[in-house]
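Q: Below is the structure I would like to discuss, written out as structure tokens.
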Amino acid sequence: MNKQINHLIKQNIIASGDKRELEKVANQFSVAITDEMIALIDQNDPDDPIRKQFTPSKEELNITAEEREDPIGDHTFEPVKGITHRYPDRVLLKPLHTCPVYCRFCFRREDVGGDTKLMSPKELDDAINYIQNHDEIWEVILTGGDPLLLSPRRLKKILDRLDNIAHVKIIRIHSKVPIVDPKRITNEVCNLLKSSSKTVWLAIHANHPKEITPAFKAATDLLSDSGIPLISQTVLLKGINDNVQTLDLLFRKLVEHKVKPYYLHHPDLAKGTSHFRLPIEEGQDLMKTLHTQLSGICKPTYVYDIPGGFGKMPLTPTYYKTGEIEDIHGDIHDVKG
């Protein structure tokens, strides 16, 4: 019997008749959702974007042949536990594998939510020593799991140790906390981030304008008033945000809250997520239209993390075919002439 499934049934978020199949889903992939997100769900709308992002569905039992346990190839680049070193000048440091919510499309769904939630002291020592011994590392990206679930005491210990590594200049923290559990963003947390001798950036994961709540605004106000630069990452999700109107509103709202849209991710080949994926060409068409109507500060880069660990590839749409720019230049010259 899964406690999270029972809780969602009691909240009228999922149907009791689906319990058996959804428990099968929960046995494979972790389930968690915060009260803040439950409160946003329209119980009369089966296609509610919050429901579809965070509550399990029977579609997750459909695992296709091309889907992978490690879709972006993290494991290939793990020299020590908790470190992913795919790019020369930056590493991921994953101090825990717990999240406040478990996104149903997560590319680390095989890793998060397991029994081993925190790195042991020795594992953390080994990870920090690895960073110390590789002076090409300019940026450390705290991810996981969600680093802002760490207690301020634990987070401070990690930041203090990174502060003592001279070649590390940037610390980037990836988190959904400002969206899904914004009360965790306190003055204590902001002061802690501000106190680092490094430049600390916070990357917020936001996928739908419905997530941009007054509580989110209060959290981002605290962060930005503390001098923390804010960027966002969004996953392009079929049936949730795969239209111009939704993305336009999301990116505008983020910028209005001092958050710069950074990446729009094409969905990864994580197990049981085919119902979220759409053709790359559709995403490129969306970006073409958004390019014509959004301010430059509202535009993220559309990217795909190539399976197997090859890294992010920009999926920049082609705006003009060969020769068209020359034709446009000629037309302008004729008008001026």
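Just so it is clear, none of the values below were taken in a lab; they were calculated from the coordinates. Computed from a predicted structure; not experimentally measured. Counting neighbours? That spans all protein chains shown, and the Cβs are built from the backbone with ideal geometry, glycine included.
Q: Using the Cα atoms of the range 1-61 to build a convex hull, what is its mean projected area in square nanometres?
A: Directional mean of the projected Cα hull area for the range 1-61 stands at 3.8 nm².
Q: Of PHE107, PHE251, PHE310, which has the largest mean-square fluctuation in a 10 Å C-alpha GNM of the chain?
A: Maximum fluctuation in the GNM of the chain, among the listed residues, is at PHE310.
Q: How much length is gained on full extension from GLU66 to ASP35, taking 0.36 nm per residue of separation minus their Cα-Cα distance?
A: Once the chain is fully extended between GLU66 and ASP35, it gains 7.7 nm.
Q: Select from VAL189, PHE276, CYS106 the residue farthest towards the positive end of the dipole of the chain; place +1 on Cβ of Lys and Arg, -1 on Cβ of Asp and Glu, and compute about the Cα centre.
A: VAL189
Q: Could you check the spin-label model distance between ASN191 and ASP18? Points 7 Å from the Cα along Cα→Cβ, value in nm.
A: Going from the ASN191 label point to the ASP18 one covers 4.4 nm.
Q: Assuming a ≥ b ≥ c are the square roots of the Cα gyration tensor eigenvalues, decide whether the range 54-159 counts as rounded (a/c under 1.5), prolate (otherwise, with a/b larger than b/c) or oblate.
A: Because a/c hits 1.5 or more and a/b fails to exceed b/c, the range 54-159 counts as oblate.
Q: Then there is this: Which of the aspartates and glutamates could a cross-linker span from LYS253 if the Cα-Cα distance has to be under 14 Å and same-chain partners fewer than 8 positions apart are dropped?
A: Correct list for LYS253: GLU211, ASP221.
Q: Which of [x] 61, 50, 36; [y] 65, 45, 35; [z] 72, 57, 41 is the computed Cα extents along the principal axes in Å for the structure on display?
A: Among [x] 61, 50, 36; [y] 65, 45, 35; [z] 72, 57, 41, the one derived from this structure is [z].
Q: Relative contact order for the chain: what is it in percent, counting Cα pairs under 8 Å that are at least 6 residues apart?
A: Averaging sequence separation for qualifying contacts and normalising by length gives 16 percent for the chain.
Q: Taking amide H positions as placed 1.01 Å from N in the peptide plane, with prolines and chain starts having none, which residues 5 or more places from VAL235, or on another chain, fall under 5 Å of its amide H?
A: It is HIS265, by chain and number.
Q: What dipole magnitude, in Debye to the nearest 20, does the range 1-61 give about its Cα centre under +1 on Lys/Arg Cβ and -1 on Asp/Glu Cβ?
A: So the dipole magnitude of the range 1-61 works out to roughly 320 debye.
Q: Can you compute the charge dipole magnitude of the chain about its Cα centre, using +1 on each Lys and Arg Cβ and -1 on each Asp and Glu Cβ, nothing else charged? Give it in debye, rounded to the nearest 20.
A: Once rounded to the nearest 20, the dipole reads 1140 debye.
Q: Output the antiparallel fraction of DSSP beta bridges having both residues in the chain, as a percent to the nearest 5.
A: So the antiparallel bridges in the chain amount to around 25 percent.
Q: Express in whole angstrom the spacing between the alpha-carbon centres of the range 142-179 and the range 252-274.
A: 21
Q: Please identify every one of the GluC sites (Glu not before Pro) in the range 1-74 that sits in a loop by DSSP and has no more than 12 other beta carbons within 10 Å of its own beta carbon.
A: Counting only loop positions with at most 12 other Cβ atoms within 10 Å, the GluC sites (Glu not before Pro) in the range 1-74 are GLU66, GLU69.
Q: Which of GLY145, GLY17, GLY283 ends up with the largest GNM mean-square fluctuation for the chain, with Cα atoms connected below 10 Å?
A: GLY17
Q: Here's something else I'd like to know. Report the charge-dipole magnitude of the range 223-325 in Debye, nearest 20, computed about the Cα centre from +1 at each Lys and Arg Cβ and -1 at each Asp and Glu Cβ.
A: Taking the Cα centre of the range 223-325 as origin, the dipole is about 120 debye.
Q: How large is the helix-only mean residue ellipticity at 222 nm for the chain, computed as the sum of -39500 (n - 2.57) over DSSP H runs with n ≥ 4, divided by its residue count, in deg cm²/dmol to the nearest 500? Walk me through the numbers on the way to the answer.
A: Details: 12 runs with 119 residues, N = 337.
About -10500 deg cm²/dmol.
Q: On a straight-distance basis, which lysines could pair with LYS52 in a cross-link, Cα separation under 20 angstrom, same-chain partners fewer than 8 positions away excluded?
A: LYS3, LYS10, LYS19, LYS24, LYS176, LYS210, LYS238, LYS271
Q: Further, regarding this structure: Starting from the 7 Å offset along Cα-to-Cβ, what nm value, one decimal, do you get for the label separation of ASN2 and LYS169?
A: 4.5
Q: Report the paramagnetic label zone for ASP160: residues of the range 76-108 whose backbone N is under 14 Å from a point 7 Å from Cα along the Cα-to-Cβ axis.
A: none
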